[in-house]
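To start, the structure itself, in structure tokens.
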Amino acid sequence: MKRYVLCYIFLTFILANPLFSQNNQIESTQNDGVPQPDLEPELRTADISISKYASGDASLSLGLGLFVPLFNQTFEGDYITDTRITPGGAIFLEFDIFLWRALSAGMEISGMFAFTPNERVLFMGPITAHLKYTFQFYPVEVPVSLGLGLSLDSLGELFKTDFAMKPKIAVTYRIDPNWIAGVYYSYWFIVQSYNNNPDIPNEDSRMGNFSDVSLGFTYVFN
């Protein structure tokens, strides 16, 4: 009887040992050849939600904000702190196409209104082409751009076209791969020359320095 028991134990050990070894080999193969479950799914989700710009991607931005007059400067270099216009409202519409992951080119149509001391309304509408570089610190982005173009200006019955330069910087937050919201700061440099205007003396020519702070939203087409 004891010999039968010993044989049973011996056979059980012999049969169990290959199964145990085979199970270890299967687990080792799975660990080496098959991706294991993500131990940090929130990190993987964050990586997926990062939308890296690529050549050909496009974006459309719209913003509203406050227009702030700063100072004027004569062509002789004198500064005039009294701009004789009140703070007003500002708006911009911007379209960009990405040339590279962080570099884009585009156009912006912007506008403002403000009031003079005699309650006339001043309108300025710069139309500029710009280059933009976007610094990315996911989910925060800092786009910096410089635009050059023309400003369509109107004050009462007077209408003229002036040179416009608009540097801009923003701090934005990526809500999802397509939507971005942020705060934009623009500097308006408008050259108002009256050299060819018989009704206004050339001495009244000015280089206007203004700014606006706006809240904007961007949609990325990718």
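The values are calculated or read from the model by the stated rules, or taken from the named source; none is laboratory data. Worth saying up front: this structure is predicted, and the values here are computed from it rather than measured. Neighbour counts are summed over all protein chains in view; Cβ atoms, including those assigned to glycine, are modelled from backbone coordinates with ideal geometry. Areas reflect the complete protein model, heavy atoms only, side chains present, ligands, DNA and RNA absent. Shrake-Rupley method; radii C 1.70, N 1.55, O 1.52, S 1.80 Å.
Among residues that are within 21 Å of the chain's Cα centre (by Cα) and modelled with pLDDT under 95, ASN222 is included.
Can you name every residue in segment 158-183 that is over 17 Å from ASP212 (Cα atoms) and open to solvent by less than 20 Å² (accessible area, probe 1.4 Å)? Step through it out loud before you land on a result.
Of the residues in segment 158-183, the ones over 17 Å from ASP212 (Cα atoms) are 158-163, 173-180.
Correct list: ASP162, ARG174, ILE180.
Among the conditions (1) open to solvent by 10 Å² or more (accessible area, probe 1.4 Å); (2) touching a strand residue (DSSP E or B) at 6+ places or on another chain (Cβ under 8 Å); (3) within 15 Å of PHE67 (Cα to Cα), the only one that ARG84 does not satisfy is (2).
One line per residue, one yes/no per condition, for (1) among the hydrophobic types (A, V, I, L, M, F, W, C); (2) open to solvent by less than 70 Å² (accessible area, probe 1.4 Å); (3) within 12 Å of the chain's Cα centre (by Cα):
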position	(1), (2), (3)
GLY65	no, yes, no
VAL68	yes, yes, no
ILE80	yes, yes, no
PHE92	yes, yes, no
SER104	no, yes, yes
GLU108	no, yes, no
THR128	no, yes, no
GLN136	no, no, yes
GLY156	no, yes, no
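Within the bounds of segment 40-59, is there any residue that is at pLDDT 90 or above and either part of a helix (DSSP H, G or I) or among the acidic types (Asp, Glu) (or both)? Yes, the conditions are met somewhere in segment 40-59. Scanning segment 140-175 for residues that are touching a Ser or Thr at 6+ places or on another chain (Cβ under 6 Å) and among the small types (Gly, Ala, Ser) gives GLY147, GLY149, ALA164. When SER186, SER145 are checked against the criterion of being without any contact (Cβ under 8 Å) to a residue 40 or more places away in the chain, under 22 Å from LEU103 (Cβ atoms) and surrounded by 15 or more Cβ atoms within 10 Å (Cβ to Cβ), a single residue qualifies: SER145.
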